[in-house]
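Some notes on the structure that comes next.
The values are calculated or read from the model by the stated rules, or taken from the named source; none is laboratory data. All values derive from a computational prediction rather than experimental measurement. With ideal geometry, Cβ positions are generated from the backbone for all residues, glycine too; neighbour counts draw on all protein chains shown.
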Amino acid sequence: MSSNEQIDPTVNDAFRQLSALIYAGADAGSIHHALVEASRRLVGGCDRASLLVRTRDRFVTAASTDDIARRIDEIEIEVGEGPCVDAIRDEAYQHDPDLTDAHTPWPRFTERIVRETPVRSAIGYRLLLDGDKVGALNLFSDTPGGLTKASADVGAVIASFASVALMAMRSREQAATLRQGLQSNREIGKAVGLLMAAHHVSGDEAFEMLRSTSQELNMKLTQVASQIIEGQESQFGGGRDARDRDRDEALEA
């Protein structure tokens, strides 16, 4: 795009909205859905889109504009070939402008798509996260030749933004996990301290008491620690209330 060309204001608006959604802390499902809807709106010729992401050792559709896009993801996984699968495996995006053309690198995929869906053109972009291939953004058109080279260029920008969005979500999840871990460690440490004081035992002995109770009750260590803390706070709170009542009765007498 030359410096003299005007950028479509709807593109700017879409990216501003997506950025606001990500950094406002929206849940992953909302962000995934916003990405596929933005692809459908902004990419010329795109009638439907999906986001395929890796969960543990398998790929699942995290979001799709409709059931047809989701079904295409399922077909690709079933036959083990297609533009989206190859986009994840290879370095470049995969673009088949006309799936009705007999010359296709994915004969099993193409045969199923043409027979079972109205889609006739497809593009798959790999998504990277810290250098790892973690999924694909997939665009589909119901018109042969509907997704052009210009369409592919716009889609590549959205795919890059999608990778950034996934990275932001991972960073947020890691920060939340770290905060949760720190909170759990504080609660365990506090519970150990309370057990040491109550039973006059060492730190190792108190922790072993905590661990044994966790196993016997089939509860997480942090849950047992929280119960101990709550129990102690309730006990001391009750003691303070009793002392206050005794003091008030003495003053009234």
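Quick notes
- Single condition residue 133 does not satisfy, out of (1) in contact with a Cys (Cβ under 9 Å, 6 or more places away or on another chain); (2) farther than 19 Å from residue 33 by Cβ; (3) not in a helix (DSSP H, G or I): (1)
- Hey, residue 145 in the same structural domain as residue 166 (by TED's automatic domain parsing) and in contact with a helix residue (DSSP H, G or I) (Cβ under 8 Å, 6 or more places away or on another chain) or not: no
- The residues on offer are 67, 57, 47, and the sole one that is exposed (fewer than 14 other Cβ atoms within 10 Å of the Cβ) and modelled with pLDDT of 95 or more is 67.
- Output for segment 92-122, where each listed residue is touching a helix residue (DSSP H, G or I) at 6+ places or on another chain (Cβ under 7 Å) and among the small types (Gly, Ala, Ser): 122
- Residue within segment 94-105 that is under 20 Å from residue 154 (Cβ atoms), in contact (Cβ under 8 Å) with a residue 60 or more places away in the chain and of a type outside the set (Gly, Ala, Ser) present: no
- Residue that is more than 31 Å from the chain's Cα centre (by Cα) and at pLDDT 75 or above, where the choices are 195, 251: 195
Yes or no, residue by residue, for (1) in contact with a Lys or Arg (Cβ under 6 Å, 6 or more places away or on another chain); (2) of a type outside the set (A, V, I, L, M):
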residue: 73; (1), (2): no, yes
residue: 104; (1), (2): no, yes
residue: 111; (1), (2): no, yes
residue: 123; (1), (2): no, no
residue: 144; (1), (2): yes, yes
residue: 157; (1), (2): no, no
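- Taking each residue of segment 30-44 that is at negative phi and looking for partners that are modelled with pLDDT under 90 and of a type in the set (S, T, N, Q) with beta-carbon atoms closer than 9 Å, six or more apart or interchain, yields 34/17; 38/17; 41/10; 42/10.
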